[in-house]
Amino acid sequence: MSTSSTLPALQSPPSLPEGTSPKLHLYTQGTPNGFKPSIYLEELIETYGAEKVGYDFAALSFQEADQKKPEFLKINPNGRIPALVDDNFTDPVTNAGMAVFESASILLWLAENYDTDSKFWFEDKLLRSKALSWIFFAHGGVGPMQGESFELVPVMYARGRKAEWRWKQDWKAVNGDKGHGLLVRLHSRTQRDRQWAQPAFSLLGDPSSPVGDERNIS
Ligand SMILES: N[C@@H](CCC(=O)N[C@@H](CS)C(=O)NCC(=O)O)C(=O)O
């Protein structure tokens, strides 16, 4: 049985010295969300050196739907780039390298674990909260609106679909059509493994309780 990856091979960026085996593996593409961790990784390399923060990357192909392949869904169950696997840590769920997804979450992971002198981060909790406000704003306010306005809505219109179709599709992916969405899966994980899931459970609220009105979604 072949164990070779169906995802594109990991490549070295120019910042990685030859012969180095990086522990950080970025799954990405040249999009605004994809650029975020790449830029931060390069800044960290400039500051701390490639021995500490060296990474390689796989450029996933949307045309090949790499981001929806089962192998990638193990890294990001939401099937989108960017995602990071950090072999310096063991993932408490999969026992493989630590998998981190969502661009802002990757930035925070890198800040917490690799910006050891807080060059890009704040020890002071008031300043940290200020930074977090802007990171959450960029993540929840800028990225999605930019994507919808410039990319998705024009594409939907060109295909003769109402823009709201796209929102409904996304909601189905998250909440589930017949109970298979990510929120429902998160809930069953919390049942299986309360130890890791409990904090996420408290932050997100109880995913088993209704968080939206599915009746209008067709
Ligand atoms: N909130 C996510 C958004 C991720 C996202 O939408 N990624 C896009 C590219 S920028 C993607 O993978 N699109 C392919 C798809 O949706 O299948 C993040 O910030 O990481």
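Working only within the stretch 36-72, note down all residues that are under 12 Å from the mean Cα position of the chain (by Cα) and farther than 18 Å from Leu10 by Cβ.
Residue satisfying the conditions is Lys36 alone.
Output the qualifying pairs, or none if there are none: Cβ atoms under 7 angstrom, residues six or more apart or on different chains, first residue in the stretch 26-38 and closer than 18 Å to Ser149 by Cβ, second residue of a type in the set (Ser, Thr, Tyr) and crowded, with 21+ Cβ neighbours inside 10 Å.
Note: pairs meeting the criteria are Asn33/Ser103.
For the stretch 128-149, give me each residue that is surrounded by 13 or more Cβ atoms within 10 Å (Cβ to Cβ) and closer than 13 Å to Leu108 by Cβ.
Arg128, Ala131, Leu132, Ile135, Ala138, His139
Pick from Gly97, Gly54, Gly49, Gly79: which is away from the ligand (no atom under 16 Å from the Cβ), on the phi > 0 side of the Ramachandran plot and either free of Cβ contacts under 8 Å to residues at least 40 places away in the same chain or open to solvent by less than 80 Å² (accessible area, probe 1.4 Å) (or both)?
Gly49
So, Ser105, is that one within 11 Å of the ligand (Cβ to nearest atom), within 22 Å of Val53 (Cβ to Cβ) and surrounded by 11 or more Cβ atoms within 10 Å (Cβ to Cβ) or not?
yes
Is it true that Ile81 is in a loop (DSSP other than H, G, I, E, B), hydrophobic (A, V, I, L, M, F, W, C) and in contact with a helix residue (DSSP H, G or I) (Cβ under 6 Å, 6 or more places away or on another chain)?
The answer is yes for Ile81.
Could you count how many residues in the stretch 1-46 are surrounded by 15 or more Cβ atoms within 10 Å (Cβ to Cβ), part of a helix (DSSP H, G or I), within 16 Å of the ligand (Cβ to nearest atom) and aliphatic (A, V, I, L, M)?
Final tally of qualifying residues: 1.
The values are calculated or read from the model by the stated rules, or taken from the named source; none is laboratory data. Since the structure is predicted, the reported quantities are computational estimates derived from the model, not experimental observations. No Cβ is skipped: glycine too gets one built from the backbone with ideal geometry, and neighbour counts run over all protein chains shown. SASA here: full protein model, heavy atoms, side chains in, ligands and nucleic acids out. Shrake-Rupley method; radii C 1.70, N 1.55, O 1.52, S 1.80 Å.
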